[in-house]
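Since the structure comes first, as structure tokens, the remarks are kept for the end.
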Amino acid sequence: MSETTHRADSVAQPRWNRFGILFAAVWMVFLGGPLIEGWNHRDELRGWAGILATLGFSTLYLHTFYRAQQRRRITSTEPTLLWAALTLAGLTALAAVMIISLGPTGLAAAPYLAVTAVTMLPTVAGGVLTLIFAASVEIVSASAGWGNYSGLSLGVCAAAFATWGVMSLIRRNFTMLHEREEQEHRAVMEERARMARDLHDILGHSLTVITVKAELANRLLDIDINRARSELDDLERLSRDALADVRSAVDGFRTISLPMEIARAREALRAAGIEDHTPNSTEMVPGHLRELFAWTIREGVTNVVRHSAATQCTITVDANSVEVTDNGVASGRATIGNGLTGLRERAASAGARVIITSPSPQGFSLQVLEQETT
């Protein structure tokens, strides 16, 4: 994820949390009745008990709402059953104190209990507790002789149902948000891998050829000054080409040509004093394999020049495979660096596989073969 995106998310998250807690706090207005009732009886112990219980109930409710939403936003997980059970037990105890101290006014806590149950518990468990809270309102009001509170019971169910709908939408949005963040993270990792692979292949090949030509030019200075000057001109061109290739790779527009790569391979092998056998035509290679085959030739020839001590190198190309073979030392070359790892990744993405063998009595073979489809 880019620094700009990360900064935007870090700003948006606290902002969303603030608005979320304000949304929940707005509905605390319906607990104003119990506070007023407690204040009217402030000269009695039950009045202060009702006020403190109402304030504690409101604080615990808002804290629970905030923590649950923050948990979903950060970890995309639901509250644990233990946390939900302890919270509901605490809210129920405070609601009981409100009802005992303030009478029927304390029943205003019932909808908040149902909302908390729906917010923190699975759908079925939240629905069952909602019905229990609604039935408890009817039972308590009837047994205490406070009259008919069926309207409040319906309000408990309505509040729970509305909250369930909102929470379903919030959960879905959080899930989509986390999926988007994961996709962005994967895209960043893939882009980093692409750049590392391209830079390795580009610089590995270019610097190898530059080194070989520099050594050749140094040897020719006292033998053939004109040819040495020609080799130095090639060094300058190769350096400029390598710089252009690096810029293209960083910009994400790096592509290579199969015929051009064969020509470069021929030049690199001859500069290293290795006899080359290369194809004259690549027309038979289908379009979706041409870039992969070009990278294979680049990696194979780079390893030949660097590690093989070979005197001959042959490049073979047909419609579904490319092979680079030499008569040099094969020991240890099957696990050389990141180049072969990157080549295997390229081959896998193109539906091909890398085959490495060591022909007898000596030599090394790197082949990329398109896998047959059924």
Over every pair of different alpha-carbon atoms in the stretch 3-184, take the mean of 1/r and invert it; report that Kirkwood radius in Å.
-> 17.5
List every residue whose amide H lies under 5 Å from the amide H of ALA352, counting only residues 5 or more places away in sequence or on a different chain, with H placed 1.01 Å from N in the peptide plane.
-> GLN371
For GLU275, enumerate residues with amide H under 5 Å from its amide H, sequence gap 5+ or separate chain, H modeled in the peptide plane.
-> GLN312, CYS313
How far apart, in nm, are two points set 7 Å out from the Cα along the Cα-to-Cβ line at ALA214 and at TRP146?
-> 8.9
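Between LEU221 and TRP48, what length comes free when the chain is fully extended (0.36 nm per residue of separation minus the Cα-Cα distance, one decimal in nm)? Could you put the intermediate results ahead of the total?
On the way: separation 173, 0.36 × 173 = 62.28 nm, distance 10.17 nm.
The span from LEU221 to TRP48 would gain 52.1 nm if fully extended.
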Could I get the Rg over Rh figure for the stretch 65-166? Both from C-alpha atoms, Rh via Kirkwood, rounded to two places.
-> 1.01
Residue-by-residue Karplus 3J(HN,Hα) for the stretch 169-174, coefficients 6.51, -1.76, 1.60, Hz, glycine and proline x = 5, 5, 4, 5, 5, 5
Stretch ALA135-GLN371 to full length: gain in nm at 0.36 nm per residue minus the Cα-Cα span?
-> 78.2 nm
Nearest-20 debye value, the stretch 3-184 charge dipole, Cβ charges on Lys, Arg, Asp, Glu | 160
Which whole-Hz couplings ³J(HN,Hα) result when phi for each residue of the stretch 93-107 is put into the Karplus expression 6.51 cos²θ - 1.76 cosθ + 1.60, θ = phi - 60°, listed in order with x for Gly and Pro?
-> 5, 5, 5, 5, 4, 4, 5, 5, 7, 10, x, x, 4, x, 5
For LEU243 paired with ARG353, estimate the spin-label separation in nm (one decimal), with each label point 7 Å from Cα along the Cα-to-Cβ line.
-> 4.4
Potential lengthening between LEU207 and HIS288 on full extension [0.36 nm per residue; Cα-Cα distance subtracted] | 26.4 nm
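Read-outs: derived from the displayed coordinates by stated rules, not from any lab. What you see is a predicted model; the values in this text were computed from it and never measured. Note that each Cβ is placed from the backbone with ideal geometry, even for glycine, and that neighbours are counted across all protein chains shown.
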